[in-house]
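Chemist: Before anything else, here's the structure in question.
The values are calculated or read from the model by the stated rules, or taken from the named source; none is laboratory data. Just so you know, these numbers come straight off a predicted model, no measurement behind them. Here the Cβ is made from the backbone with ideal geometry for all residues, glycine too, and neighbour counts use every protein chain on show.
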Amino acid sequence: MEIDKIYQGDCMDLLKVIPDSQVDLVIADPPYFQVMVTDHLGNKYEWDKQWDSFEDYLKWCKLWLTEVKRILKPNGSIYIFQDDKNCAYVQIIMDKLGLNLENNITWVKPNNMTIKGWDKFRCYAPITERILFYSKERGYIENQMKIKPMKKIRDYLNKERKKAKLSLDKMCLLCGLNDEGHGGIAYHWCSSKNPVMITREHYKTLKQKTGFFRIPYDKLLKEYKLVQEGYIKNRRTFNPKRNYTDVWTYNITSSQENTVHPTQKPIVLIRRIIDTSSKENDLVVDLFVGSGTVPLACQQLKRRWVGSEKESEYISLINKRLKQKNIHHFEKDVGGYEKNIVSKNNNFASQPFAEGDIIIAKFNKIPKRNFTLDEPPSVSLRAFPDGKGT
Ligand SMILES: C[S@@+](CC[C@H](N)C(=O)[O-])C[C@H]1O[C@@H](n2cnc3c(N)ncnc32)[C@H](O)[C@@H]1O
């Protein structure tokens, strides 16, 4: 399989040539099934009408999702675009495949339609899509990188504890900790679930009061730091740089960013997914390349990528898009509510872009982050030696 290439054809053919557990991030924006209507130019968008029934469509989704699971690394992530109806069915398929729902993201598209006149439909005006964010194996990395390697330290502490004839409760009390206030922290020092590294102070106390626990603390600490490093390096990538909620507000593509593809996704949104859930040089797979937004964002963010697209007319469009020299990059990630950015802080109209340029986005001002409530917890292996978290 060649990297940084679009495979023209069915996504299943591409999936078959990707070996197991190789991919860091899959982004899939599939047809939503019979939502595309023939446009004023007579484009029928047959790719959205390939299935005889919704059941057939779901069977097809199950086929490629099964393959997606196979190609993902254990710490890999998947983002699937869906509409409000299909999303419920696809979520069930993914759950049944044993994938883990991390978020059901609501993408709000303020400029998607004019609300005027909607009241005649006697329902609320739909201005959202869903993005299902799943991980492959929750807990895998914890087991491999944290719990298992901690066994060595844990076994040693248990051996010394038994030599000193200490129950876990007594071990706590000896360190001046009682169950009430500390929840029996010694269980975490010595047990296989939720391992916590003993602090220097408590280790010293145990040594002084029992005469056992003779291995120098710094040696244990060195061992522990290796565990910690391995864990941090190998856990699922998640580095959000903006607000952390599951409601994202992005306008649909502006006329300057638009290609002829009817369902092109905004590159700022795609960049956000790639930036948050992968690292430089990671391998990103896009099963439904369309206008090439994912490959373009991967090029900009230095990710390796591979994608499939069925329709030959889009392949030439993608190639053209990827070859553009004068792409105006997003120099910085934007914080705060994207809503403000797309509606107020851009000045597309006044930018002196050369003919043929693809305008990605250009903003004068980076809004301040104003979120505090839903900040994610800091990376943590629970209590660190000397009582510090990461
Ligand atoms: C919703 S669009 C993707 C739009 C894309 N995210 C973008 O930003 O331009 C879905 C694309 O999948 C392609 N497609 C449909 N069935 C496919 C299949 N079985 N394998 C590969 N591509 C397929 C369609 O031709 C269409 O371009």
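Chemist: Residues that are among the polar types (S, T, N, Q), out of contact with any Cys (no Cβ under 9 Å at 6 or more places or on another chain) and without any contact (Cβ under 8 Å) to a residue 12 or more places away in the chain: does region 88-109 have at least one?
Modeler: no
Chemist: Would you please name the residue that is nearest to residue 48 (Cα to Cα), looking only at residues in region 251-281 that are within 10 Å of the ligand (Cβ to nearest atom), hydroxyl-bearing (Ser, Thr, Tyr) and touching a residue at least 40 places away in the same chain (Cβ under 8 Å)?
Modeler: Looking at residues that are within 10 Å of the ligand (Cβ to nearest atom), hydroxyl-bearing (Ser, Thr, Tyr) and touching a residue at least 40 places away in the same chain (Cβ under 8 Å), I get 263.
Chemist: If a residue must be away from the ligand (no atom under 11 Å from the Cβ) and hydroxyl-bearing (Ser, Thr, Tyr), how many such residues does region 35-78 contain? Spell out the reasoning first.
Modeler: Filtering region 35-78 down to residues away from the ligand (no atom under 11 Å from the Cβ) leaves 37-44, 52-56, 58-59, 62, 65-78.
If we keep only those that are hydroxyl-bearing (Ser, Thr, Tyr) as well, we get 38, 53, 66, 77.
Number of matching residues: 4.
Chemist: Considering only residues of region 66-76 that are assigned to a strand (DSSP E or B) and not basic (Lys, Arg), which is nearest to the chain's Cα centre (by Cα)?
Modeler: 76
Chemist: Of everything in region 24-34 that's under 15 Å from residue 273 (Cα atoms) and touching a helix residue (DSSP H, G or I) at 6+ places or on another chain (Cβ under 6 Å), which residue is nearest to the ligand (Cβ to nearest atom)?
Modeler: 27
Chemist: Can you name the residue in region 40-60 that is surrounded by fewer than 13 Cβ atoms within 10 Å (Cβ to Cβ) and among the acidic types (Asp, Glu) and is also farthest from the chain's Cα centre (by Cα) among such residues?
Modeler: Step by step, filter region 40-60, then rank; the result is 52.
Chemist: In region 282-310, which residue that is on the phi > 0 side of the Ramachandran plot and in contact with a helix residue (DSSP H, G or I) (Cβ under 8 Å, 6 or more places away or on another chain) is farthest from the ligand (Cβ to nearest atom)?
Modeler: 292
Chemist: Picking from 73, 5, which residue would you name as being closer than 22 Å to residue 307 by Cβ, of a type in the set (D, E, K, R) and crowded, with 19+ Cβ neighbours inside 10 Å? Outline the logic, then answer.
Modeler: Details: 5 fails: crowded, with 19+ Cβ neighbours inside 10 Å.
Result of the check over 73, 5: 73.
Chemist: Related question: Being within 16 Å of the ligand (Cβ to nearest atom), of a type outside the set (A, V, I, L, M) and not in a strand (DSSP E or B) is the filter here; which residues of region 79-102 pass it?
Modeler: The answer is 83, 84, 85, 86, 87.
Chemist: Every residue in region 290-319 that is farther than 12 Å from residue 261 by Cβ and hydroxyl-bearing (Ser, Thr, Tyr), please.
Modeler: Once the filter is applied, which keeps residues that are farther than 12 Å from residue 261 by Cβ and hydroxyl-bearing (Ser, Thr, Tyr), region 290-319 yields 308, 312.
Chemist: Does region 210-228 contain at least one residue that is assigned to a loop (DSSP other than H, G, I, E, B), within 16 Å of the ligand (Cβ to nearest atom) and surrounded by 17 or more Cβ atoms within 10 Å (Cβ to Cβ)?
Modeler: Within region 210-228, none of the residues are assigned to a loop (DSSP other than H, G, I, E, B), within 16 Å of the ligand (Cβ to nearest atom) and surrounded by 17 or more Cβ atoms within 10 Å (Cβ to Cβ).
Chemist: From the list 25, 63, exactly one residue is of a type in the set (A, V, I, L, M, F, W, C), at pLDDT 95 or above, more than 21 Å from the chain's Cα centre (by Cα) and in the same structural domain as residue 303 (by TED's automatic domain parsing). Which is it?
Modeler: 63
Chemist: Now a separate question. In the list 23, 37, 68, 17, which residue meets the criterion of being over 15 Å from residue 133 (Cα atoms) and crowded, with 21+ Cβ neighbours inside 10 Å?
Modeler: Of the residues listed, the single one that is over 15 Å from residue 133 (Cα atoms) and crowded, with 21+ Cβ neighbours inside 10 Å is 23.
Chemist: Could you go through region 77-87 and let me know if any residue there is modelled with pLDDT under 95, under 19 Å from residue 238 (Cβ atoms) and under 15 Å from the mean Cα position of the chain (by Cα).
Modeler: No, region 77-87 has no match at all.
Chemist: Please indicate, with yes or no, whether at least one residue in region 302-309 is exposed (fewer than 14 other Cβ atoms within 10 Å of the Cβ), assigned to a loop (DSSP other than H, G, I, E, B), without any contact (Cβ under 8 Å) to a residue 60 or more places away in the chain and touching an Asp or Glu at 6+ places or on another chain (Cβ under 9 Å).
Modeler: Yes, the conditions are met somewhere in region 302-309.
Chemist: Same structure again: Looking only at region 198-207, decide whether some residue is surrounded by 15 or more Cβ atoms within 10 Å (Cβ to Cβ) and outside any helix (DSSP H, G or I).
Modeler: yes
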